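S.K.: Got a structure for you, written out below as structure tokens; questions coming shortly.
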Amino acid sequence: MSRTDCRGLDITAANAAAVAGFDRTIGAYLGLRADTGDHLKVTLEADPGFVMAHVLRGYFMLLFASRRLLGRALASLDAARKAAGEGGCNRREEMHIAALESWSSGDQNRALALWDRILTEWPRDVLALKLSEYWNFYLGDCRGMREVQARVAPCWDESVPDYGKVLGMSAFALEECGAYEEAERRGRRAVEIDGADLWGTHAVAHVMEMTGRPEEGIGWIDERGEDFAGCNAVVNHLWWHRALFHFELGRFDAVLDLYDREVLPADVFEYLDICNTVSILWRLEEEGVDVGDRWERVADAAAERAEDLQLVFADAHYAMAFAAAGRGGALDALIAAAEAFAEDAEQTQSGVMAAQGLALCRAAAAAKAEDWQGAVDLLYPRRRGIRAVGGSHAQRDLFQRSLIHAAERAGRERLACSLLAERCEEKPNSPIALRRYARVLAALGDGAAATAAERAAASLVQ
Ligand SMILES: [Fe+2]
């Protein structure tokens, strides 16, 4: 029968306890809580024929970006369809079923279009809002992220449950679009509403990363770290941000210490954990830091997922892990699978793989083979298009850094110099970029400019 959820949306469920369980599950999901699945289990026990609970389970399975869980997502889709056939469902729920079907078949563009239609009619459908954020993010469409948030904003205020979480999403979208001041204001407000708002905290950390405030960023995360007990793997990503702030300041020992204690997951690696760990180790090696045998665990984790091909962004990181660990066979197999995947015209991510992803995987192989010119040839023509693989600016910076590093190692100092000039203009408060810039300027014989860049870097590090 039709009931009402905590935000006033009609929802088909057998009893009030199931709806309350669904609301709790959504709240836990938005809060990035590790117990989200437990709430969903209780919800389905209260109503085994709950259409939206089955849809939600399907979405959750897909959010792991693991091919192994695709079967469970499809089973949830079947269960949702069956429940809708037996007990009926409303138009919004039908569209969610269609979105789950689209996503599980690899057509994320259609899923996004369906969530867009849902949000036009039901702007308080926070599930559609969060998933829309997720896929706009992984398709590199920060403008899309911002637009969706702006369109629903008039229908949200403090009286609506999880308003703070929506502010946090909005803050992140604004940050990715470069609207740092308003992003920080909204992110801080989200954290005022709920001190344990991991996503809002994360959005503000991004602002501090992009505006060159590493000391402040470390303080921001340190003040809140203990609030995130019970959160899911995204908390490891917040620690990644803290490690990145130390990296920016050239404190590589601190980065390695944080890596070992916090960024590296204790047991199971999610795809995001692999991205975090690869991203740190690769950066450190480019700065000449010996990372010991740390690649081994990361490459083992990547080997578990190499056939997934669910997110090009993640696949590129898996390739880097294999390249760095010297696992040529695994890397070749990944590239061969990615080549076949890139041919599949039905899949949204296939086009991204063809246009950008394969080049990133091949560039990783070239870099580790010390074919620096080869890496430059792969990365330079794509330096603007890389946005399409998704991830944040801070995450994709890994690829931009690789290009600069490869240019320098290839003896292309003039190219490295121009890329660093561009980088220092965009992010003037970056000590690590300024130091590299100083080194390249010195190699080109411009001692005065090198000294100025070195002094600028020193003035930023206490
Ligand atoms: Fe982030």
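S.K.: Using only Cα positions of segment 296-360, each an equal point scatterer, no hydration layer, compute I(q)/I(0) via Debye at q = 0.15, 0.16, 0.24, 0.29 Å⁻¹ and quote the log10 values to two decimals.
M.R.: The computed values of log10 I(q)/I(0) come out as -0.39, -0.44, -0.93, -1.27.
S.K.: Suppose only helical runs count, i.e. DSSP H with n ≥ 4. What mean residue ellipticity at 222 nm does that imply for the chain under -39500 (n - 2.57) per run, divided by all residues and rounded to the nearest 500 deg cm²/dmol?
M.R.: Helices in the chain give a 222 nm mean residue ellipticity of -22000 deg cm²/dmol.
S.K.: Measure nothing fancy, just the Cα-based angle from helix 328-342's long axis to the longest principal axis of the chain, in degrees from 0 to 90, nearest 10.
M.R.: Between helix and principal axis, roughly 50 degrees.
S.K.: Right, here's the next one. Of GLY230, LEU174, PHE247, which is farthest along the charge dipole of segment 140-249 in the positive direction, counting Lys and Arg as +1 and Asp and Glu as -1 at C-beta?
M.R.: The listed residue farthest towards the positive side: LEU174.
S.K.: Can you run phi through the Karplus equation (6.51, -1.76, 1.60; θ = phi - 60°) for segment 119-124 and list ³J(HN,Hα) in whole Hz, with x for Gly and Pro?
M.R.: 5, 5, 8, 10, x, 9
S.K.: Roughly how many debye, to the nearest 20, is the charge dipole of the chain about its Cα centre, given +1 on each Lys and Arg Cβ, -1 on each Asp and Glu Cβ, and no other charges?
M.R.: 700
S.K.: Given an 8 Å cut-off on Cα distances and at least 6 residues of separation, report the relative contact order of segment 357-462 as a percent.
M.R.: It rounds to 18 percent for segment 357-462.
S.K.: Expressed as a rounded percentage, what relative contact order does segment 147-288 have, with Cα pairs under 8 Å and six or more residues apart?
M.R.: Result for segment 147-288 is 16 percent.
S.K.: In Å², what does the accessible area per residue of the chain work out to with a 1.4 Å probe?
M.R.: Averaged over the residues of the chain, the accessible area is 39 Å².
S.K.: By a straight-distance test (C-alpha under 21 Å), which lysines pair with LYS130 as possible cross-link partners, with residues fewer than eight away in the same chain excluded?
M.R.: LYS41, LYS165
S.K.: Out of all Cα-Cα pairs in segment 98-215, roughly what percent, to the nearest whole number, are more than 23 Å apart?
M.R.: Of all Cα-Cα distances in segment 98-215, 28 percent exceed 23 Å.
S.K.: Here is a follow-up. Apply the Karplus parameterisation 6.51 cos²θ - 1.76 cosθ + 1.60, with θ equal to phi minus 60°, to every residue of segment 432-448 and state each ³J(HN,Hα) to the nearest whole Hz, in sequence, with x for glycine and proline.
M.R.: Residue by residue, segment 432-448 yields 5, 6, 5, 5, 5, 4, 4, 5, 5, 4, 5, 4, 8, x, 9, x, 5 Hz.
S.K.: Around CYS231, which amide H atoms from residues at least 5 apart in sequence, or from another chain, sit under 5 Å from its own amide H, with H modelled in the peptide plane?
M.R.: ALA34
S.K.: State, as an integer percentage, the relative contact order of the chain based on alpha-carbon contacts under 8 Å between residues 6 or more apart.
M.R.: It comes to 11 percent, rounded to a whole number.
S.K.: Also, I was wondering about something else. Is the C-alpha gyration tensor of segment 56-124 telling us rounded, prolate or oblate? Criteria: a/c under 1.5 is rounded; beyond that, a/b larger than b/c is prolate, otherwise oblate.
M.R.: Verdict is oblate for segment 56-124.
S.K.: Charges only on Cβ, +1 for Lys and Arg, -1 for Asp and Glu: so what's the dipole of segment 219-322 about the Cα centre, in debye to the nearest 20?
M.R.: The calculation lands at about 180 debye.
S.K.: Using a Debye calculation, one point per C-alpha and no hydration shell, please list log10 I(q)/I(0) for the chain at q = 0.09 Å⁻¹ in order.
M.R.: With no solvent term, the Cα-only Debye profile gives -0.60.
S.K.: Something else now. Angle between the Cα long axis of helix 312-324 and the longest principal axis of the chain, 0 to 90 degrees, nearest 10?
M.R.: 40
S.K.: Is there a quick way to get the dipole size of segment 69-226? I mean about its Cα centre, with the Cβ of Lys and Arg at +1 and of Asp and Glu at -1; what is the value in debye to the nearest 20?
M.R.: 600
S.K.: Scan around ILE11 for amide H atoms under 5 Å from its own, H built in the peptide plane at 1.01 Å from N, and keep only partners 5 or more places away or cross-chain.
M.R.: Those qualifying (amide H under 5 Å, at least 5 residues apart or on another chain) are ARG3, THR4, ASP5.
S.K.: Also: Find, among the GluC sites (Glu not before Pro) in segment 333-441, those assigned to loop by DSSP (not H, G, I, E, B) with at most 15 other beta-carbon atoms within 10 angstrom.
M.R.: For GluC sites (Glu not before Pro) across segment 333-441 that sit outside H, G, I, E and B with at most 15 neighbouring Cβ atoms in 10 Å, the list reads GLU343, GLU346, GLU370.
The values are calculated or read from the model by the stated rules, or taken from the named source; none is laboratory data. Worth saying up front: this structure is predicted, and the values here are computed from it rather than measured. Note: ideal-geometry Cβ built from the backbone for every residue, glycine included; neighbour counts use all protein chains shown. Please note that ligands, DNA and RNA were not included when accessible areas were found on the heavy atoms of the full protein model with its side chains. Shrake-Rupley method; radii C 1.70, N 1.55, O 1.52, S 1.80 Å.
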